[in-house]
1. Looking at Gly85, Gly62, Gly42, Gly50, which is the one that is touching a Phe, Trp or Tyr at 6+ places or on another chain (Cβ under 7 Å) and surrounded by fewer than 21 Cβ atoms within 10 Å (Cβ to Cβ)?
2. Can you tell me which residues in the stretch 45-80 are in a loop (DSSP other than H, G, I, E, B) and charged (D, E, K, R)?
3. Looking at the stretch 88-105, which of its residues are without any contact (Cβ under 8 Å) to a residue 60 or more places away in the chain, surrounded by fewer than 19 Cβ atoms within 10 Å (Cβ to Cβ) and assigned to a loop (DSSP other than H, G, I, E, B)?
4. Against the definition (crowded, with 24+ Cβ neighbours inside 10 Å and under 26 Å from the mean Cα position of the chain (by Cα)), how does Tyr370 come out, yes or no?
5. Just checking: which of the strands (runs of 3 or more DSSP E) contained wholly in the stretch 106-207 hold 2 or more residues that are surrounded by 22 or more Cβ atoms within 10 Å (Cβ to Cβ)?
6. Mind listing just one residue for me: the one in the stretch 312-330 that is crowded, with 24+ Cβ neighbours inside 10 Å and at pLDDT 95 or above and, of those, nearest to the ligand (Cβ to nearest atom)?
7. Restricting to the stretch 339-367, give me the number of residues that are surrounded by fewer than 18 Cβ atoms within 10 Å (Cβ to Cβ) and either under 22 Å from Lys300 (Cβ atoms) or among the acidic types (Asp, Glu) (or both).
Amino acid sequence: MNIAVIGTGYVGLPAGAGFASHGHNVTCVDIDEEKVEKINSGECPIYEEGLPELLQEVVSKGKLEATTDTITAVKNADIVLLAVGTPMDKEGNINLDYIEKASKDIAEGMKEREEHQTIVIKSTVVPTTTEEKIIPILEQSGKKPGKDFGVCMNPEFLREGTALKDFLEPDRIVIGELDEKSGDNLEKIYSEFDAPIMRTGLKEAELIKYASNSLLATKISFINEIGNLCKELGIDVYDVADGVGMDHRVKRDFLDSGAGFGGSCFPKDVRALIKFMEDKGEEPRILQDTINVNVDQKTKLVEQLQNHYSDLSGKKIAVLGLAFKPGTDDIRQSPAIDIIAELKELGAEFKAYDPKAIENMKQKHPEIEYTSSYQEALKEADAGLILTDWEEFNEISREELKKMNKALILEGRRMSYELDGENRQGVTWP
Ligand code: UDX
């Protein structure tokens, strides 16, 4: 099949390269000319495990090309995937500017095409957006939905850091469809994927995405709330999570307590669902507290640090980990941003290290000191904070602790190194 993918971010590019690796002819479209040039030279514009290699392969085989020309790409496509960003505006609504612009360009391309085609929404959009906002724009092509073109909503559940693997090996494929023909067409390009396919309506598919992310985020806030109690009791929340997670109705996944969730999805999606529910006159009580618990959890470590230093002014703090999770250079909504800001308020000084995310954090906190290794950050520090569970931090040894002013590590993420209890403490474990 000929597939056009509009948007080459964390969803569009793994999807494009993934479908090309299954033998489809893929045209990736982006307004960013530099990105288009990079892709056409086989270079990967985002940092994602395995993606650079696959992209190089499918580009060199002529199965994937990139362009800024949406109209031609859409004209030649049997299936068009809309995968542009839906950032959040100040009021907590999702911003549809990119969606509307891309949908208008798609409508222009549809005018040039005779044969039926199917437009597939992969961007995260609140329920009713496809029917009430996107289809009316596509109809500006003069074409009739359900007759001349089909529409599907096909949410993506991939995680940063494992985007390609998650795309190629999903737990499920959700196809929300305008009509059966649309769903059948989309199901064809997933025929080689080894995953269950769920066919449903457009609104259902839109909400499945938000409900999935919101439940995962709620699971994390739940275990953090339990974790704070464990801290009071002097017991290890990970033992509690293991026991709870052995129940097949609960599962152990996403019960890792720590400094709170970050990233470009959970905070944004939960807030957007809260706003959407309020606009519908519903009371999002659970979701609101999922956010409230998370906001407070992010700075729990600062409170614990103040148990050691009532006055933090002039104290040298080693911040280990800036990315919102390991395996990515992304710092969006990372707990490290809030923790550094709070400690700055309290007059602390910093030496911060992260294997991938320093350049991004320099945008937020340009004035703090960054080091090229965790060892350097720990040297002569009054305390170390672990905020991202990068594998390399498991190598921290007693030797490094001896070079600190005070051998004290506070963990916002669970580590598995061999350090004595008096030198390290967990945010929700002893
Ligand atoms: C998430 C969803 O997992 C994915 O399905 C969706 O498509 C996009 O949003 P991502 O944002 O990449 O993916 O990160 P994820 O791995 O889910 O982690 C999110 C945050 O939760 C991170 O800050 C992580 O540290 C934190 N987390 C995760 C916990 O605190 N505890 C856990 O048990 C799991």
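The values are calculated or read from the model by the stated rules, or taken from the named source; none is laboratory data. Please read all numbers here as calculations on a predicted model, not as lab measurements. Note that each Cβ is placed from the backbone with ideal geometry, even for glycine, and that neighbours are counted across all protein chains shown.
1. Working: Gly62 fails: touching a Phe, Trp or Tyr at 6+ places or on another chain (Cβ under 7 Å); Gly42 fails: touching a Phe, Trp or Tyr at 6+ places or on another chain (Cβ under 7 Å); Gly50 fails: touching a Phe, Trp or Tyr at 6+ places or on another chain (Cβ under 7 Å).
Being touching a Phe, Trp or Tyr at 6+ places or on another chain (Cβ under 7 Å) and surrounded by fewer than 21 Cβ atoms within 10 Å (Cβ to Cβ) holds for just one of Gly85, Gly62, Gly42, Gly50, which is Gly85.
2. The initial filter retains those residues of the stretch 45-80 that are in a loop (DSSP other than H, G, I, E, B), namely 45-50, 61-63, 68-69, 76-78.
Those that are in a loop (DSSP other than H, G, I, E, B) and charged (D, E, K, R): Glu48, Glu49, Lys61, Lys63, Asp69, Asp78.
3. Taking the stretch 88-105 first, the residues without any contact (Cβ under 8 Å) to a residue 60 or more places away in the chain are 89-90, 95-97, 99-101, 103-104.
Now drop any that are not surrounded by fewer than 19 Cβ atoms within 10 Å (Cβ to Cβ), which leaves 89-90, 95, 97, 100-101, 104.
Of everything in the stretch 88-105, those that are without any contact (Cβ under 8 Å) to a residue 60 or more places away in the chain, surrounded by fewer than 19 Cβ atoms within 10 Å (Cβ to Cβ) and assigned to a loop (DSSP other than H, G, I, E, B) turn out to be Asp89, Lys90, Asn95.
4. On the way: crowded, with 24+ Cβ neighbours inside 10 Å: no; under 26 Å from the mean Cα position of the chain (by Cα): yes.
In short, no.
5. Numbers: elements: 117-121, 149-153, 173-177, 197-200.
Per the criteria, 117-121, 149-153, 173-177.
6. Selected residue: Phe324.
7. Residues that pass the stated criteria total 10.
For every residue, the table says whether it meets (1) within 16 Å of the ligand (Cβ to nearest atom); (2) in contact (Cβ under 8 Å) with a residue 60 or more places away in the chain; (3) closer than 24 Å to Ala336 by Cα; (4) not aliphatic (A, V, I, L, M).
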site: Lys251; (1), (2), (3), (4): yes, no, no, yes
site: Gly258; (1), (2), (3), (4): yes, yes, yes, yes
site: Ser264; (1), (2), (3), (4): yes, yes, yes, yes
site: Ala272; (1), (2), (3), (4): yes, yes, yes, no
site: Gln288; (1), (2), (3), (4): no, no, yes, yes
site: Asn294; (1), (2), (3), (4): yes, yes, yes, yes
